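Colleague: Encoded as structure tokens, here's the structure I'll be asking about.
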């Protein structure tokens, strides 16, 4: 049951059971992509533990030993069946049945997202129907509801993993006459260019596992340097 009135719903894939970071893997290889994904999730959980909100980790595939990866202190739930929207809707329903008043769903593609942005999201749920955190590729890094304003409509008939996700989701909010607060724009790490931008922001943060991994692999640093060259196709 709920300990806090707020919770973060964290969606992860368990490495080794299915491919992760497929777009990134095309340029850095599956071994690096998988290792980086593990770093993203570890760094992200470290950050989220600083928030005064409970954490519910929703993992895929069902039956994977996620506790062996992330430790016994988290609360784990297998993701439901269906597309991403159906799985997120089910996660919100689980959280609200447990007594949480406000919930935000996040993935693991923005491990350096400032925590004050999520705090802004929780605060905004006191006066609006929902919140959205837009990403530069047309998706979103978080979506949130309070229990009294939750609706599954915003998850329906969305072309997931496309540049129209945010636009269509905003239209769903408008279509059911619900207000939505947009949080600051942020970037997912899906491409080599995204990884380079992340490293530029965080290269001096030696405690981060992602930074440690990048600095331990000069081949990755060289690839990222090439990606940053002007005029690169």
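Colleague: Filter the helices (runs of 4 or more DSSP H) completely within the stretch 1-118 down to those with at least 3 residues that are within 15 Å of the chain's Cα centre (by Cα) and within 23 Å of residue 205 (Cβ to Cβ).
Modeller: 30-48
Colleague: If we keep just the residues of the stretch 12-34 that are surrounded by 19 or more Cβ atoms within 10 Å (Cβ to Cβ) and touching a residue at least 60 places away in the same chain (Cβ under 8 Å), which is farthest from residue 59 (Cα to Cα)?
Modeller: Of everything passing the filter in the stretch 12-34, 28 is farthest from residue 59 (Cα to Cα).
Colleague: Considering each of 179, 164, 169 in turn, give the residue that is buried (at least 19 other Cβ atoms within 10 Å of the Cβ) and without any contact (Cβ under 8 Å) to a residue 60 or more places away in the chain.
Modeller: Checking each option against the conditions leaves just 169.
Colleague: Of the conditions (1) more than 16 Å from residue 105 (Cβ to Cβ); (2) assigned to a helix (DSSP H, G or I); (3) in contact with a strand residue (DSSP E or B) (Cβ under 8 Å, 6 or more places away or on another chain), residue 169 satisfies every one except a single condition; which number is it?
Modeller: (1)
Colleague: Which of (1) farther than 17 Å from residue 108 by Cβ; (2) surrounded by 14 or more Cβ atoms within 10 Å (Cβ to Cβ); (3) in contact (Cβ under 8 Å) with a residue 40 or more places away in the chain is the odd one out, the single condition residue 184 does not satisfy?
Modeller: The failed condition is (2).
Colleague: Of the residues that make up the stretch 132-148, is at least one outside any loop (DSSP other than H, G, I, E, B), more than 17 Å from the chain's Cα centre (by Cα) and surrounded by 15 or more Cβ atoms within 10 Å (Cβ to Cβ)? Walk me through how you get there before you give the answer.
Modeller: At the first step, the residues of the stretch 132-148 found to be outside any loop (DSSP other than H, G, I, E, B) are 132-135, 140-148.
Filter once more, so that each one left must be more than 17 Å from the chain's Cα centre (by Cα): 146-148.
With the extra rule that they be surrounded by 15 or more Cβ atoms within 10 Å (Cβ to Cβ), the set shrinks to 146-147.
There is at least one residue in the stretch 132-148 that is outside any loop (DSSP other than H, G, I, E, B), more than 17 Å from the chain's Cα centre (by Cα) and surrounded by 15 or more Cβ atoms within 10 Å (Cβ to Cβ).
Colleague: Just to be sure, is residue 210 under 26 Å from residue 94 (Cβ atoms), surrounded by 20 or more Cβ atoms within 10 Å (Cβ to Cβ), in contact (Cβ under 8 Å) with a residue 24 or more places away in the chain and in contact with a helix residue (DSSP H, G or I) (Cβ under 9 Å, 6 or more places away or on another chain)?
Modeller: Taking the combined requirement at face value, the residue does not satisfy it.
Colleague: For the stretch 22-34, enumerate the residues that are within 20 Å of residue 106 (Cα to Cα) and touching a helix residue (DSSP H, G or I) at 6+ places or on another chain (Cβ under 7 Å).
Modeller: Going through the stretch 22-34, the residues within 20 Å of residue 106 (Cα to Cα) turn out to be 22-24, 33-34.
If the condition is that a residue be within 20 Å of residue 106 (Cα to Cα) and touching a helix residue (DSSP H, G or I) at 6+ places or on another chain (Cβ under 7 Å), then 24, 33 are the ones that fit.
Colleague: Next up: Cβ contacts < 8 Å: first residue free of Cβ contacts under 8 Å to residues at least 40 places away in the same chain, restricted to the stretch 135-148; second residue crowded, with 17+ Cβ neighbours inside 10 Å and part of a strand (DSSP E or B), any location; separation 6+ or different chain. Result?
Modeller: 140/132; 140/133; 140/134
Colleague: Can you tell me how many residues within the stretch 149-161 are part of a loop (DSSP other than H, G, I, E, B) and either without any contact (Cβ under 8 Å) to a residue 60 or more places away in the chain or surrounded by fewer than 17 Cβ atoms within 10 Å (Cβ to Cβ) (or both)?
Modeller: Going through the stretch 149-161 one residue at a time, the tally reaches 8.
Any read-out appearing in this document is the output of simple, stated calculations on the displayed coordinates, not a laboratory observation. In this text, all values refer to a predicted model and were calculated from it rather than measured experimentally. Don't worry about glycine lacking a Cβ; one is built from the backbone with ideal geometry, like all the others, and counts go over all protein chains shown.
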